[in-house]
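*Asks:* Once you've had a glance at the structure underneath, I'll fire off some questions.
Only the coordinates and a few stated rules stand behind these numbers; no lab work does. Every value quoted in this text rests on a predicted model; they were computed, and no experiment measured them. Counting neighbours? That spans all protein chains shown, and the Cβs are built from the backbone with ideal geometry, glycine included.
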Amino acid sequence: MTKYSPIVLITLLAAKTSSAFTFISNGNLVNQKYQTELFATIEKTELKAPSDIPTDDVPGLFDKYVQKTYGRYPLTIVSGKGCTLTDADGTEYLDFVAGISTCALGHSNAELIEAITKQISTVHHVSNLYYTPSQGHLAAWLVENSCADKAFFCNSGAEANEAAIKLARRHASNRGITDPVIITAHQSFHGRTLAALTATAQPKYHKGFGYGGEMVRGFQYVTYNNKEELEAMVKEMNTTPEEDAANGRYVHNDRSNMHLL
């Protein structure tokens, strides 16, 4: 059987310059395909190990290296146990934020640690191209203990809202509705993706992300918990009581005003 050495094709691009070289595994140059009059300039970068980066100034690391998409409190959390957090100075706090409702089991939960360790020791991530027992088992557990018919797994609340927006639009399209409208409330927040940001009815979050003065079309806004305003908007969209019934819309606010129009 003939053995072939691994081949790596590296293309270097710069202004008015493009060069392509083919290397074999020992790093020797085999051939130069083409080159214009200018050479690409590459600055040699010395790679740093994580241990080479000092962590004595954590806020400074964020200022220099982390994109500023969130406002942060001047507090560096270094550990947690249950509902107690400890900062870099050793001060303890009761954690009422819970990772914005993502850490319901608390910090350093023994059962959660055991479950994660077991899974990561078995198999990590293989994408949605294949079946995995744990994902199928979790979906079944969720459906069997809820009103849902199916489970959809995603990575964030914004992605979940994007999926809900797409699901609503597909449902409308399947019923022949070409211009569906989703109603959300002023002063809401639904995520940082483009459609979820549009659903967030706060102009300060829309600034700088529009096109032609518009965000994603198909959203209208009402005052939160204003039942009359909500009903008036839906009646304006639906011309007959029959359409009200046929095109019923679920709208979320407090329990006293939650109902199917």
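*Asks:* Work out Dmax and Rg for the range 119-201 from the C-alpha atoms and quote the Rg first, both in angstrom.
*Replies:* That works out to 16.4, 49 Å for Rg and Dmax.
*Asks:* A further question follows. Regarding the range 36-188, what whole-number volume in Å³ per residue does the convex hull of its Cα atoms give?
*Replies:* Roughly 324 Å³ of hull volume per residue.
*Asks:* Between their Cα atoms, which of K166/K207; K68/K166; K150/K227; K64/K166 are more than 25 Å away from each other?
*Replies:* K68/K166; K150/K227; K64/K166
*Asks:* Estimate the FRET efficiency between A140 and F96 by the formula 1/(1 + (r/R0)^6), using the beta-carbon distance for r and 22 Å for R0, to the nearest 0.05.
*Replies:* The value I calculate is 0.10.
*Asks:* Which order do the peptides 159-170, 121-132, 100-111 come out in when sorted by mean C-beta neighbours inside 10 angstrom, highest first?
*Replies:* With the highest mean Cβ count within 10 Å placed first, the list reads 159-170, 100-111, 121-132.
*Asks:* Let me have the relative contact order for the range 152-231, percent, based on Cα pairs under 8 Å that are six or more residues apart.
*Replies:* Relative contact order here is 28 percent.
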